[in-house]
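Just below is one structure, and these are the notes that go with it.
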2 protein chains.
Amino acid sequence: MSEPRQVTGWVSNVKILGKIAFIEVIDDLSLTPITIVVKKETNSELWELVSKVKLGSALKIEGKEPQQVVSKKGRELHAEEVQILAEPQDLLPIDVTGKTPASFDDYINYRYLALRLPKIRAVFVARSIIFQEVRNFLTSRGFLEVNTPKIVKAGAEGGATLFSVDYFGEKAFLAQSPQLYKQMLMCGVPRVFEVGPFFRAEKFSTTRHLNEGWGLDVEMGFINDVNDVLSLLEELVTHVNKRLVESMGDQLKSLGFNIIEDMKQFPRVTYDEALKILNSNGFDLKWGEDFDPKAEKFLGEYFQQQGTPAYFITEYPWDSKPFYIMRNGPQKSYAFDLDIRGIEIASGGQREHRYSELYRNLVDKGLDPNDFKFYLDAFKYGMPPHGGFGLGLDRLVMVLLGLQNIREAVLFPRDRFRLVP
Amino acid sequence: MSEPRQVTGWVSNVKILGKIAFIEVIDDLSLTPITIVVKKETNSELWELVSKVKLGSALKIEGKEPQQVVSKKGRELHAEEVQILAEPQDLLPIDVTGKTPASFDDYINYRYLALRLPKIRAVFVARSIIFQEVRNFLTSRGFLEVNTPKIVKAGAEGGATLFSVDYFGEKAFLAQSPQLYKQMLMCGVPRVFEVGPFFRAEKFSTTRHLNEGWGLDVEMGFINDVNDVLSLLEELVTHVNKRLVESMGDQLKSLGFNIIEDMKQFPRVTYDEALKILNSNGFDLKWGEDFDPKAEKFLGEYFQQQGTPAYFITEYPWDSKPFYIMRNGPQKSYAFDLDIRGIEIASGGQREHRYSELYRNLVDKGLDPNDFKFYLDAFKYGMPPHGGFGLGLDRLVMVLLGLQNIREAVLFPRDRFRLVP
């Protein structure tokens with residue numbers, strides 16, 4: 001027996017085999033329970049206590065690790081003292097043994113109970129690793145982490161899809177992205193990133209959209225061209241996935257997650273090439289049309305067959321992209337998307353950094369330059385060429401873990417039918 | 001001369017001494033400029049170009065570092081190629097040489113230009129280090145990083161001080177804190193933290209409040225008592241300050257920041273003791289009253305004289321604290337504040353984890369338990385004893401750097417008169 005140690009956690013299973021009680025407890029951030037062993041012959045009082053413990057109770061246990069572990073789950077503690085800190089007062093709405101699945105909604109309504117189940121807990125441990133590694137990578141590349149306002153006067157894409165807020169009698173909006181702010185900063189800091197929430201008031205009904213999400217925004221100045229941005233994003237995603245697989249790939253696989261074990265180089269296909277692939281495979285899309293989820297899904301499968309889950313689509317039609325994107329000839333732009341497994345994860349491009357061209361772009365998109373004065377001003381004082389991207393972190397979690405619904409990647413998701421919890 | 005290297009950045013000063021041009025450039029995240037040297041006799045064409053370069057221009061320079069650096073600022077590059085990427089098209093609204101100070105408002109209106117000034121740039125580099133170190137410390141202590149919703153149905157302190165949002169026809173609010181969510185999570189994960197924005201609709205007029213800020217929220221389960229929380233918070237702040245001083249303490253000092261070089265153990269005084277100190281020094285406060293900024297300032301000076309800028313005030317009257325705080329006898333509570341330099345930085349305590357007591361607390365505070373059902377439910381299924389705190393990250397930046405106004409610690413601050421930029 002080793003030194004005494006303390007374990008705290010929740011009872012996820014109770015088995016009484018003859019005169020030995022085996023209590024499984026989910027402790028710390030573990031993805032497998034630790035088995036608490038109490039023998040009647042050693043301590044009959046303690047045995048009485050634990051053999052009646054209710055499923056789901058919160059316990060504090062003092063004990064020692066045995067030299068030889070019997071339980072299949074790998075971790076064992078021979079208890080010397082057990083304290084019941086809290087017991088369920090009601091029938092548990094989720095089976096914490098994991099044998100009987102609950103409804104999709106109950107996993108969200110009782111997220112705290114669902115988090116005791118290894119498969120759901122694993123998602124949020126993975127999520128925290130993904131967030132950490134995103135920031136570590138960018139910090140190591142000389143990007144400054146910033147925070148920009150979430151209550152704003154003007155939206156980057158106009159006001160149609162924004163939640164409005166009464167700001168002391170003035171009409172304001174919830175920020176859909178830090179786009180305008182991160183670009184303004186390019187006139188004073190060469191590289192910035194932000195991890196924060198974003199808000200979209202659209203009436204989505206998909207498994208890939210939420211009305212509130214967490215995003216990564218990156219902007220880099222002094223670029224040579226848009227390829228600098230593509231390369232950075234490719235390295236970022238590859239790094240994050242690699243670290244995720246190193247940290248918990250085996251656990252994720254044994255829990256049944258369809259992870260991406262190896263990320264190859266991301267192909268870079270132009271919009272024109274992607275359109276050709278689609279139209280020579282039964283689609284009938286016209287130049288300029290956006291790719292719908294069906295087309296995206298097809299492209300995902302097409303590239304997966306070539307062994308690569310991630311790919312860039314570049315040179316989008318300018319008409320389909322926001323005003324701040326730089327034009328590439330009369331019809332195209334330097335905008336791109338990154339898709340992984342047929343789902344759009346990030347969207348970015350080189351920006352228009354020349355004041356007069358940017359002003360014209362605003363007018364061409366039907367926006368009023370007066371609404372954007374605070375932003376346009378930044379382009380008057382030595383704004384270098386720059387580019388960047390916005391990346392949906394909830395979606396990144398979703399595709400790296402092979403989840404089917406973005407609601408599985410978010411603790412308390414917000415869609416138009418869900419404001420509680 | 002060393003290997004060729006590339007420098008990109010903005011011209012912050014131009015000096016022509018005889019036939020040598022010295023161009024100071026703010027590059028990367030540096031807090032001192034690099035001096036670009038061009039001699040007329042070596043390259044007269046390049047000398048012509050740079051000697052006419054406008055202050056504030058964005059440049060890309062290829063050159064070599066000399067073996068011996070002449071300029072006092074320490075870094076030098078002998079240019080072989082200079083490309084002017086963008087020139088100011090208008091008079092610079094901020095003197096980028098730093099000689100003539102601009103107005104407080106202009107440093108915010110033109111934040112991107114202000115960020116080229118070492119003293120303002122340093123604040124945001126320090127801020128990013130503080131954010132990183134907060135997260136690193138908590139992750140290393142087994143806390144799970146989480147994200148909770150910012151659009152919510154119920155506020156932790158009732159609805160009076162919340163911004164309201166129309167959520168698809170339903171009345172919702174912007175979250176003032178993750179309080180309810182982080183507590184619910186204590187029924188499934190033992191330790192969580194979140195770094196995110198918070199929103200308060202109060203009509204503040206102080207140098208310490210904003211209507212939108214970034215906060216750290218921490219909650220830890222299975223605590224023995226509130227002292228576990230106090231110790232964690234003390235270690236966290238001490239760690240963050242230590243890492244800040246190690247990373248850039250000398251630079252901050254030479255730029256004139258009044259940093260805290262050494263953090264001693266934080267004294268823990270009770271509310272009663274603090275009241276006694278105040279009232280025996282000319283104040284006339286009654287038991288139960290909150291300490292106003294004047295009293296806080298006095299306490300800050302009082303403890304500073306004893307050599308400690310940081311101190312806890314514990315055992316606050318229960319009446320002055322929110323419903324979720326655990327009572328300590330009939331009148332007191334297990335709530336505490338952390339003040340640094342006379343400013344409240346964090347507020348926390350042990351929470352009431354027992355369902356029936358919590359229910360009664362809600363009623364006692366005049367709140368309707370029906371509005372909190374989704375939260376109360378979590379206390380039915382094995383909620384362990386827990387405690388935590390909320391910490392204002394903008395304020396932490398402010399006090400660790402010795403800033404006078406919280407607006408100096410935030411890129412684009414939001415107060416009731418400022419929604420732009």
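The values are calculated or read from the model by the stated rules, or taken from the named source; none is laboratory data. Bear in mind the structure is a predicted one, so any value in this text is a computation, not a measurement. For neighbour counting, all protein chains shown are included, and Cβ atoms are generated from backbone atoms with ideal geometry for every residue, glycine included. The accessibility values were calculated without ligands, DNA or RNA, using every heavy atom of the protein model including side chains. Shrake-Rupley method; radii C 1.70, N 1.55, O 1.52, S 1.80 Å.
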Taking the condition closer than 23 Å to A:ARG141 by Cα and out of contact with any helix residue (DSSP H, G or I) (no Cβ under 8 Å at 6 or more places or on another chain), does A:LYS264 pass? yes
Among B:GLY349, B:GLY387, B:GLY402, B:GLY366, the single one that is away from chain A (no Cβ under 14 Å) and touching a helix residue (DSSP H, G or I) at 6+ places or on another chain (Cβ under 8 Å) is B:GLY349
With the first residue restricted to the stretch B:387-412 and required to be assigned by TED's automatic domain parsing to the domain that holds B:MET220, and the second required to be of a type in the set (Lys, Arg) and assigned to a strand (DSSP E or B), Cβ contacts under 6 Å at 6 or more apart or on different chains are B:GLY387/B:ARG351
Checking A:GLU45, A:GLU65, A:GLU87, A:GLU81 in turn, the sole residue that is open to solvent by 50 Å² or more (accessible area, probe 1.4 Å), charged (D, E, K, R) and either closer than 28 Å to A:PHE257 by Cβ or modelled with pLDDT under 95 (or both) turns out to be A:GLU65
Sole miss for B:LEU236 among (1) closer than 30 Å to B:MET184 by Cβ; (2) assigned to a strand (DSSP E or B) is condition (2)
Checked A:LEU59, A:LEU77, A:LEU55 against criteria (closer than 17 Å to A:GLN6 by Cα, facing another protein chain (nearest Cβ under 10 Å) and touching a Ser or Thr at 6+ places or on another chain (Cβ under 8 Å)); the one match is A:LEU59
**Message:** Just checking, does the stretch B:221-242 include any residue being more than 30 Å from A:VAL125 (Cβ to Cβ), surrounded by 23 or more Cβ atoms within 10 Å (Cβ to Cβ) and assigned by TED's automatic domain parsing to the domain that holds B:VAL146?
**Reply:** no
Checked the stretch B:90-121 for anything free of Cβ contacts under 8 Å to residues at least 24 places away in the same chain, open to solvent by 80 Å² or more (accessible area, probe 1.4 Å) and either hydroxyl-bearing (Ser, Thr, Tyr) or over 19 Å from B:SER57 (Cβ atoms) (or both); matches are B:THR100, B:PRO101, B:ASP105
| query | Any chance the stretch B:279-294 includes a residue that's assigned by TED's automatic domain parsing to the domain that holds B:LEU391, buried (at least 18 other Cβ atoms within 10 Å of the Cβ) and under 26 Å from B:GLN404 (Cα atoms)? | reply | yes
Of the residues in the stretch A:292-317, those that are outside any strand (DSSP E or B) and either at pLDDT below 95 or out of contact with any Pro (no Cβ under 8 Å at 6 or more places or on another chain) (or both) number 17
Restricted to the stretch A:244-258 and to residues being in contact (Cβ under 8 Å) with a residue 60 or more places away in the chain and surrounded by 18 or more Cβ atoms within 10 Å (Cβ to Cβ), the residue nearest to the chain's Cα centre (by Cα) is A:LEU244
Filtering the stretch A:178-201 down to residues that are open to solvent by 10 Å² or more (accessible area, probe 1.4 Å), more than 17 Å from B:GLY196 (Cα to Cα) and assigned to a loop (DSSP other than H, G, I, E, B) yields A:ARG200, A:ALA201
Of (1) under 19 Å from A:GLY342 (Cα atoms); (2) part of a loop (DSSP other than H, G, I, E, B); (3) open to solvent by 40 Å² or more (accessible area, probe 1.4 Å), A:MET263 satisfies every one except (3)
Exercise. Report yes if some residue within the stretch B:187-194 is free of Cβ contacts under 8 Å to residues at least 40 places away in the same chain and within 14 Å of another protein chain (Cβ to nearest Cβ); otherwise report no.
Key: yes
A:LEU31 vs (1) outside any strand (DSSP E or B); (2) buried (at least 19 other Cβ atoms within 10 Å of the Cβ); (3) not hydroxyl-bearing (Ser, Thr, Tyr): all pass except (2)
Per the list (1) touching a residue at least 40 places away in the same chain (Cβ under 8 Å); (2) under 29 Å from A:PHE222 (Cα atoms); (3) in contact with a Ser or Thr (Cβ under 8 Å, 6 or more places away or on another chain), residue check on A:ARG141 breaks on (3)
Taking the stretch B:205-227 and keeping only residues that are within 11 Å of chain A (Cβ to nearest Cβ) and outside any strand (DSSP E or B), one is left with B:LEU210, B:ASN211, B:PHE222, B:ILE223, B:ASN224
*Does A:ILE16 meet the test of being assigned to a strand (DSSP E or B) and either within 26 Å of B:ASN224 (Cβ to Cβ) or open to solvent by less than 10 Å² (accessible area, probe 1.4 Å) (or both)?*
no
Of the listed residues (B:ALA114, B:ALA21, B:ALA86), the one being farther than 22 Å from B:PRO413 by Cα, aliphatic (A, V, I, L, M) and within 33 Å of the chain's Cα centre (by Cα) is B:ALA86
Tell me, please, whether a residue that is open to solvent by 60 Å² or more (accessible area, probe 1.4 Å) and not in a loop (DSSP other than H, G, I, E, B) can be found in the stretch A:318-329.
yes
Within the stretch A:80-94, residues more than 7 Å from chain B (Cβ to nearest Cβ) and outside any strand (DSSP E or B) come out as A:LEU91, A:PRO93, A:ILE94
Exception for A:LEU210 within (1) open to solvent by 10 Å² or more (accessible area, probe 1.4 Å); (2) aliphatic (A, V, I, L, M); (3) more than 30 Å from A:LEU31 (Cβ to Cβ); (4) in contact with a Lys or Arg (Cβ under 8 Å, 6 or more places away or on another chain) falls at (3)
